[in-house]
Structure formats: structure tokens, C-alpha cells
Amino acid sequence: MPSADAGDADAMPAPPPQTRAAISHVIFDMDGLLLDTEGFYTTVQEKILMRFGKVFDWSVKAKMMGKTTAESTRILFEEFGLAGLLTPEQFLEERETMLKKLLPTCVAMPGDDPEVKAGKPSPDIFLAAMRRFEANVEPSNCLVFEDAPLGVAAAKTSGMHVVMVPDPRLDVSHHKGADQVLTSLLEFNPSEWGLPPFVD
């Protein structure tokens with residue numbers, strides 16, 4: 001019986017790479033992930049707070065990301081002691097007026113596919129999305145792309161896999177829970193998740 005030599009070993013095909021999961025559905029967040037809009041919210045809130053001698057910072061931003069408008073406004077008012085300076089309604093009205101001028105100028109984030117269409121999800125998007133999926137679709141077969149810690153937590157609670165693409169100013173302590181953390185969508189390798197490769 002002939003023995004295998006090094007040449008035979010070299011001729012053997014390499015085993016296929018192991019994938020992280022069997023993914024059948026992909027869910028995208030929009031603000032801050034597909035569209036570069038988060039900076040607008042930060043700029044507007046900085047300008048409003050500046051009038052009252054207060055400085056908006058990322059420790060507060062992290063608490064607000066992914067929350068509903070009402071909840072994020074409550075956090076902002078508590079963190080900066082805005083009660084008595086203006087009402088939440090006044091704040092939101094001023095913020096929306098400023099955002100209406102900025103949002104039409106937003107651009108796609110690096111790596112965003114212009115063919116992808118998405119809407120701004122509510123914090124429980126992942127549970128709601130699963131209710132709309134076919135009954136035979138398992139959460140473990142879903143891959144979520146998120147930039148907000150709350151979105152990551154919601155997806156993981158639902159049993160989904162998460163690729164996080166956070167703002168570089170977000171403290172790394174908020175990265176926990178994500179299955180993979182990237183600095184840009186351009187870094188995403190579909191084959192790692194058993195997905196078809198990108199087509200140029």
C-alpha cells in the first residue's frame with residue numbers, strides 16, 4: 001500500500017472554512033449604519049445645550065442611542081438638568097426644525113449598498129420582524145447589523161446574531177454582546193457567515 005507523501009498532501013483540497021452561523025435573513029438598522037445621520041443628531045443637540053451652558057458628550061449619547069424619541073429626550077433632560085429651562089416639547093420642536101434642514105444632505109455610510117432599502121426601526125424591531133417572518137424562520141438564522149448598544153441587546157435577546165458597526169467615539173465597553181465588531185461595513189466578509197460573496 002503506497003504511503004502518502006508531502007506532494008499528495010499538498011494536492012488534497014483544503015477543507016471549507018467554518019462559518020459562524022447558517023444565515024437566511026439579514027436585518028439592517030438605518031440611522032448611523034446605512035445612512036450617516038447620527039452626527040446630525042449630535043450637532044443639533046450640542047447647539048441646543050450650548051445655549052444653556054451645557055456640553056453634550058458621548059457618555060450621554062450612548063445612553064440615548066436606539067431609544068424611542070420620548071425615552072431619549074427624558075434621558076437628555078435628566079442628565080443635563082433641563083427641566084425649567086425648556087420643555088421637552090420645545091426641545092423636540094427646535095430639534096426637528098434643525099434636523100429637517102440637515103437630513104436631506106445625509107450620505108450613505110461606507111459599504112452601504114444603494115440597492116438596500118430600509119426604514120428606521122423602533123427599539124423592538126427584532127421581535128416585531130420575527131412575527132412577520134415565516135413560521136419556519138429561526139432567530140438563530142438571522143443576522144442583524146447595528147450601531148447602537150440597545151439594538152445589539154434587543155437582537156441578542158431575540159436569539160439573533162449581531163454584527164456591530166459602532167461610531168468610533170462610542171466607548172468599547174458598549175461593544176459587548178455583539179458577535180462581531182467592525183469599523184466599517186466595508187470590512188464585512190459574507191463568507192464568514194455562510195452568505196454568498198459580494199458581486200462587483
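Values quoted throughout were computed directly from the atomic coordinates according to the rules given, and no laboratory measurement underlies them. None of these values were measured; they are calculated from a predicted model. Here Cβ is always computed from backbone atoms with ideal geometry, including for glycine, and neighbour counts include all displayed protein chains.
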Gyration tensor verdict on segment 136-200 (Cα atoms; rounded if a/c is under 1.5, prolate if a/b is larger than b/c, oblate otherwise): oblate
Residue order, fewest to most beta carbons within 10 Å, for V44, V55: V55, V44
By average C-beta atoms within 10 angstrom, highest first, the peptides 187-199, 74-86: 74-86, 187-199
Table column - 3J(HN,Hα) (Hz), segment 54-66, Karplus curve with 6.51, -1.76, 1.60, x for Gly and Pro: 10, 10, 6, 9, 6, 5, 7, 4, 4, 6, 8, 4, x
Pairs beyond 21 Å (Cα-Cα), from K63/K176; K156/K176; K47/K100; K54/K176; K54/K100: K54/K176; K54/K100
Amide H contacts under 5 Å for G66, placed H, 5+ residues apart: none
In Hz, Karplus ³J(HN,Hα) per residue of segment 158-166 (6.51, -1.76, 1.60; θ = phi - 60°; x = Gly, Pro): 7, x, 9, 8, 9, 9, 9, 10, x
Three-way shape call for segment 38-105 based on the alpha-carbon gyration tensor, with the a/c threshold at 1.5: rounded
Potential extension, A108-R74 segment - 0.36 nm per residue separation minus Cα distance: 9.3 nm
